[in-house]
1. Tally Lys and Arg at +1 and Asp and Glu at -1 over the other residues with C-beta under 12 Å from the C-beta of T109: what net charge comes out?
2. Calculate the spin-label point distance for E95 paired with R15, positioning each point 7 Å from the Cα along the beta-carbon direction, and give it in nanometres.
3. Which whole number of Å³ per residue matches the convex hull of the alpha-carbon atoms in the stretch 34-105?
4. Can you find, among G97, A25, V128, the residue farthest towards the positive end of the dipole of the stretch 10-146? Put +1 on the C-beta of Lys and Arg, -1 on that of Asp and Glu.
5. Work through the residues other than S68 whose Cβ is under 14 Å from its Cβ and net out their charges, Lys, Arg +1 and Asp, Glu -1.
6. Under a 10 Å cutoff between Cα atoms, tell me which one of A40, A74, A91 has the largest fluctuation in the Gaussian network model of the chain.
7. Where does helix 61-78 land angle-wise versus the long Cα axis of the chain, in degrees 0 to 90, nearest 10?
8. Just the number, please: Stokes-Einstein D of the stretch 69-147 in µm²/s, Kirkwood Rh from C-alpha pairs, 37 °C, 0.692 mPa s.
Amino acid sequence: MTLAEPAVAAAVSPRIYTEIQQFYAHQMQLLDQARTHEWAETFTVDGVFAANAHPEPIRGRDAIRAASTKARAALAEAGLQHRHWLGMLDARTAEGGVVAHSYAVVVETPRGGVPAIRHSTSCVDFLVHDGQRWLVRDRQITRDDLI
């Protein structure tokens, strides 16, 4: 499924919007704390992580976990800390879930150094609720410098 396929309707309710904001805050903090095993659990088992900076989408929670663990290890080896900030969230109902558009900025700080914006991106997620929590079924990241 691509994110262009679901018929997108009205904005989600304020309650759902708040839940999704909390989901993103928690998800990004897991990633920034290098808790990649827990971060990968925020994707469906068959989840997709695609980015225009990667040659191919990463498919499946296990592959997403492996890729994020490898990337986090490389950052630690280089002495770099990343912080993700998501904003300008637009969440709309769609068949089977929610399509969430946001902007994401990645701030990179070298150990003992000065923080700088590393990437400016847009993010489009297809989110589903499993009855207990929100999960990413499909994430499409577009880095602005690669458009």
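What follows is calculated from the coordinates using simple rules that are stated; it is not laboratory data. Note that the structure is predicted; figures quoted are calculated from it, not measured. Glycine also receives a Cβ, built like all others from the backbone with ideal geometry; neighbour counts cover every protein chain displayed.
1. +1
2. 2.6 nm
3. Details: hull volume 8.2 nm³, N = 72.
So the per-residue hull volume is 113 Å³.
4. A25
5. Its environment carries a net charge of +3.
6. Greatest mean-square fluctuation among the candidates belongs to A74.
7. 30 degrees
8. In µm²/s, the coefficient is 230.
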